[in-house]
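Scroll down for the structure; my scribbles are underneath it.
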Amino acid sequence: AKGDAYQARKIRQAVKRLYETGKVASVEVQVSPLSEESVALTFAILSRTMISDIAVYGHRQFKDQEILDALGFIPDSSFDRSEWNTRISRLIALYKSKGYFDVQTGTQFQTVLTDPFKTAARIQINEGKRLRINKILFIGQPVFSQLSLYLSVKSKKPRYFDAEQLEKDINRLRT
């Protein structure tokens with residue numbers, strides 16, 4: 001505050017608190033002498049862009065909320081390009097787990113007119129075709145017959161591929 005004694009420790013704490021908000025990309029502090037007894041502090045703050053809204057188009061397999069959950073979307077959360085790519089990878093993994101191996105996404109970002117530090121995202125999803133199980137093979141020297149192994153799994157042709165069901169089948173075969 002104006003008139004307080006200059007203490008570098010307090011300045012560092014103030015900068016730390018700014019970063020902890022998650023809304024700040026960078027902070028630079030400039031100290032300018034005004035006289036022998038006083039200085040001026042200038043805080044140059046670069047705000048992070050926040051994602052205010054996500055709209056999803058072209059999807060049929062999952063509900064909007066399931067997609068937003070896969071993205072880990074929280075309204076007004078900070079936007080970071082590499083983090084966004086990780087979130088999109090999680091969305092693609094969700095689709096692949098249900099047999100949509102050809103899923104494609106595209107994202108457009110648009111600055112919110114009322115706040116230049118907020119952006120809205122539009123995600124276009126092309127799910128592609130869902131893959132079906134075409135063949136199931138058991139190889140090696142099984143103790144059990146092919147028929148008993150086949151009857152013990154739930155993943156069967158011509159069902160759609162489901163990674164969660166496959167994992168259950170593998171665990172069932174191990175026991």
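The values are calculated or read from the model by the stated rules, or taken from the named source; none is laboratory data. This structure is a prediction, so every number in the text was calculated from the model and none was measured. Positions of Cβ are backbone-derived with ideal geometry, glycine not excepted, and every protein chain shown enters the neighbour counts. Accessible surface is based on the protein model in full, side chains and every heavy atom, while ligands, DNA and RNA are left aside. Shrake-Rupley method; radii C 1.70, N 1.55, O 1.52, S 1.80 Å.
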Can you pull out the residues in region 70-94 that are open to solvent by 70 Å² or more (accessible area, probe 1.4 Å) and farther than 20 Å from residue 127 by Cα? 74, 75, 81, 82
Modelled with pLDDT under 90, under 30 Å from residue 2 (Cβ atoms) and surrounded by 12 or more Cβ atoms within 10 Å (Cβ to Cβ): is that true of residue 47 in this structure? yes
Mind checking which residues of region 1-42 are under 30 Å from residue 76 (Cβ atoms), open to solvent by 80 Å² or more (accessible area, probe 1.4 Å) and hydrophobic (A, V, I, L, M, F, W, C)? 1
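So that you can scan it fast, the table gives a plain yes or no per residue for (1) surrounded by 13 or more Cβ atoms within 10 Å (Cβ to Cβ); (2) on the phi > 0 side of the Ramachandran plot; (3) assigned to a helix (DSSP H, G or I); (4) touching a Leu at 6+ places or on another chain (Cβ under 9 Å):
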{"site": "96", "(1), (2), (3), (4)": "yes, no, yes, no"}
{"site": "107", "(1), (2), (3), (4)": "yes, no, no, no"}
{"site": "116", "(1), (2), (3), (4)": "no, no, no, no"}
{"site": "120", "(1), (2), (3), (4)": "yes, no, no, no"}
{"site": "148", "(1), (2), (3), (4)": "no, no, yes, no"}
{"site": "151", "(1), (2), (3), (4)": "no, no, yes, no"}
{"site": "165", "(1), (2), (3), (4)": "yes, no, yes, no"}
{"site": "173", "(1), (2), (3), (4)": "yes, no, yes, yes"}
